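Accompanying notes for the structure given below.
The values are calculated or read from the model by the stated rules, or taken from the named source; none is laboratory data. Since the structure is predicted, the reported quantities are computational estimates derived from the model, not experimental observations. Cβ coordinates were reconstructed from backbone atoms using ideal geometry, including for glycine residues, and neighbour counts include every protein chain displayed.
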């Protein structure tokens, strides 16, 4: 997982690393497949009350996880993705990491292209976004959304 370009380092004042969740879960069958709905449901629950537009988070996460399922080893039987949530006082950052195996780099298509608009949607909705690939070939796509208030009592 990468933490590049965070407004402050995790563990610093005002930065909270909530958790990393594996999908499917550790106790699921070894050949279970990634379920985009499960990742979306987890993020909606985890970020309820965080002061972010849950609709935007839901859509961006769905696009990134769908890309992982379609284009990487995460889409094979037994494939996995990991979702991480990091919070500062100003933004929420969501990171989705796949198992790698995709050729090339994640790219944003031209507006005129008929398919493959997931990262275009992320680019348009996120305050910031990027991706990184680790030495094992896992790709992490992350995005940040602003916190707009109403965050008392979050996280629970």
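Quick notes on this one:
- In region 23-35 there is no residue matching the filter, namely being within 26 Å of residue 123 (Cβ to Cβ), surrounded by fewer than 16 Cβ atoms within 10 Å (Cβ to Cβ), touching a residue at least 24 places away in the same chain (Cβ under 8 Å) and within 16 Å of the chain's Cα centre (by Cα).
- The single condition among (1) surrounded by fewer than 20 Cβ atoms within 10 Å (Cβ to Cβ); (2) modelled with pLDDT under 85 that residue 118 does not meet is (1).
- Residue tally, condition under 15 Å from residue 83 (Cα atoms) and in a loop (DSSP other than H, G, I, E, B), over region 34-61: 2
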